Amino acid sequence: MEYKGLANEITELINNREKESCLRLTQQERWIEGLQNHVRELYAHIEATKRALQGISAALEIHGLTPPGSTTVPHPLTEPFGLHQSTAVEVTPPSCIFPQPYV
């Protein structure tokens with residue numbers, strides 16, 4: 001009888017650890033997804049700024065003025081995980097998704 005109780009307790013501990021691991025993994029995935037969305041938004045702002053600068057440069061050229069720094073060559077940005085992915089995803093507040101330390 002004593003062994004059966006120990007076996008049940010061990011099984012319960014293992015199941016609880018597995019649940020905690022799954023919850024941590026889910027939290028980490030949501031945290032990463034939230035960070036990726038923020039990076040996508042930043043890249044979208046960068047692209048909008050580039051378009052605005054191109055418009056300003058074109059307006060300056062129309063008036064016969066040279067845009068400042070026109071001799072420099074722009075360096076392309078590499079966006080790591082798809083700029084054109086949707087950023088309109090409901091993101092859980094960071095306080096709810098940061099992984100908790102192991103207990």
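The values are calculated or read from the model by the stated rules, or taken from the named source; none is laboratory data. Since the model is a prediction, treat every value here as computed from it, not as a measurement. Note that we place each Cβ from the backbone using ideal geometry, even for glycine, and neighbour counts take in every protein chain shown.
Consider R17 carefully, then state whether it is at pLDDT 85 or above, under 25 Å from the mean Cα position of the chain (by Cα) and basic (K, R).
Values: at pLDDT 85 or above: yes; under 25 Å from the mean Cα position of the chain (by Cα): no; basic (K, R): yes.
Spelling it out, it is not the case that R17 is at pLDDT 85 or above, under 25 Å from the mean Cα position of the chain (by Cα) and basic (K, R).
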Long-range neighbours under 9 Å by Cβ, at least six apart or interchain, first residue of a type in the set (S, T, N, Q) within region 24-44, second surrounded by 14 or more Cβ atoms within 10 Å (Cβ to Cβ) and assigned to a helix (DSSP H, G or I): T26/I97; Q27/I97; Q28/I97
